[in-house]
Every structure is written in structure tokens, then in C-alpha cells.
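This is the structure I have questions about; it appears just below.
The values are calculated or read from the model by the stated rules, or taken from the named source; none is laboratory data. What you are looking at is a predicted structure, and each value in this text was computed from that prediction instead of being measured. Here Cβ is always computed from backbone atoms with ideal geometry, including for glycine, and neighbour counts include all displayed protein chains. Only protein heavy atoms, including side chains, enter the accessible area calculation; ligands, DNA and RNA are left aside. Shrake-Rupley method; radii C 1.70, N 1.55, O 1.52, S 1.80 Å.
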Amino acid sequence: MKVENMTSARGNKVANQFIITDDNNNEYFQSYRSIIAKKAQGKIYLDDIFWDYSVTTGKYRNEFLGEGIAETRAKIKSGEYILTDLNT
């Protein structure tokens, strides 16, 4: 398992915002102590409670997913992204 801080636009490590890669090459975005998103086997999973928790979480979630909030909402609505509990 590998844990890395996300980096800001200026290239600095960002406190409390992490990318985690597990032994199966799945990637997770963690903000503070909560898993926000998971990329696994070509699918995207978002935590049903925390995926849109705060402005800061949203900023780095967008970076992790490579898209803006409108695109994310559309993909949730279409079923392309799966809302689930990633924190139990």
C-alpha cells in the first residue's frame, strides 16, 4: 500500500488530502480521515455521505477525478458513478 499527499497547483504537498494505492492498484482519495472516492477495475465509487462534504474536499475530489462538480453530479445521476459507503 502506498500513501501520498496530494499536491497544490504550486507543487506543494497538501495537508490532510491523500491518494492511497492498494496492492491491487485501486486508488482512493482520502480527505482528513474519510475516504471520498475510489477508482477500482474501471469504476468510480463515491462515498454517499462525504463525496461533497466541503469546498476543500470538493477541490481535491475534482482533481482526483479530473472533472468539475457538474460532470460528477451528471455521472452520479446517470449511474456511471456509484454512491456507496466507503467508510465502514
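In the stretch 1-68, what GluC sites (Glu not before Pro) fall in a loop by DSSP, with at most 16 other Cβ atoms inside 10 Å?
Within the stretch 1-68, the qualifying GluC sites (Glu not before Pro) (loop, at most 16 other Cβ atoms within 10 Å) are E67.
Ok, one more. According to a simple spin-label model (label point 7 Å from Cα along Cα-to-Cβ), what is the distance in nm between V55 and V14?
The modelled label-to-label distance comes out at 1.4 nm.
Within the accessible area of the stretch 28-88, what % is carbon and sulfur when the probe is 1.4 Å and the other protein chains stay in place?
The nonpolar share, carbon plus sulfur, comes to 50 percent.
Something else now. How much mean residue ellipticity at 222 nm does the chain get from its helices, if each DSSP H run of length 4 or more adds -39500 (n - 2.57) and you divide by all residues, to the nearest 500 deg cm²/dmol?
-7000 deg cm²/dmol
Can you tell me which lysines have their Cα less than 16 Å from the Cα of K43? Leave out same-chain residues fewer than eight positions away.
K75, K77
Determine the sum of side-chain charges near N26: Lys and Arg each +1, Asp and Glu each -1, restricted to other residues whose C-beta is under 12 angstrom from that of N26.
On the way: positive: K2, K38, K39, K43; negative: D22, D23, E27.
Summing Lys and Arg as +1 and Asp and Glu as -1 gives +1.
So for the chain, averaging the separation of alpha carbon pairs under 8 Å that are six or more residues apart and normalising by length, what relative contact order in percent results?
After rounding, I find 21 percent.
Search the structure for amide H atoms under 5 Å from the amide H of T7, placed 1.01 Å from N in the peptide plane, and list their residues when 5 or more places away or on another chain.
Residues meeting the criterion, in which the H sits 1.01 Å from N, are V14.
If you plug each phi of the stretch 69-78 into the Karplus form 6.51 cos²θ - 1.76 cosθ + 1.60 with θ = phi - 60°, what whole-Hz ³J(HN,Hα) values come out, in order, with x for Gly and Pro?
5, 4, 5, 4, 4, 5, 6, 5, 4, 7
So, one more: Quick check: from the Cα gyration tensor, does the chain come out rounded (a/c under 1.5), prolate or oblate?
Oblate, since a/c reaches 1.5 and b/c is not below a/b.
Express the accessible area of the chain per residue in Å², computed with a 1.4 Å probe while the remaining protein chains stay in the model.
Per-residue accessible area for the chain comes out at 65 Å².
Where in the chain are there chymotrypsin sites (Phe, Trp or Tyr not before Pro) that are in a DSSP coil and have at most 13 other Cβ atoms within 10 angstrom of their Cβ?
Counting only loop positions with at most 13 other Cβ atoms within 10 Å, none of the chymotrypsin sites (Phe, Trp or Tyr not before Pro) in the chain qualifies.
Would you mind counting up the charge near G42? Only other residues with Cβ under 15 Å from its Cβ, with Lys and Arg at +1 and Asp and Glu at -1.
Around G42, the charge tally is +2.
Which longest uninterrupted range of the chain lacks any trypsin sites (Lys or Arg not before Pro) assigned by DSSP to a loop state (not H, G, I, E or B) and surrounded by at most 14 other Cβ atoms within 10 Å?
34-88
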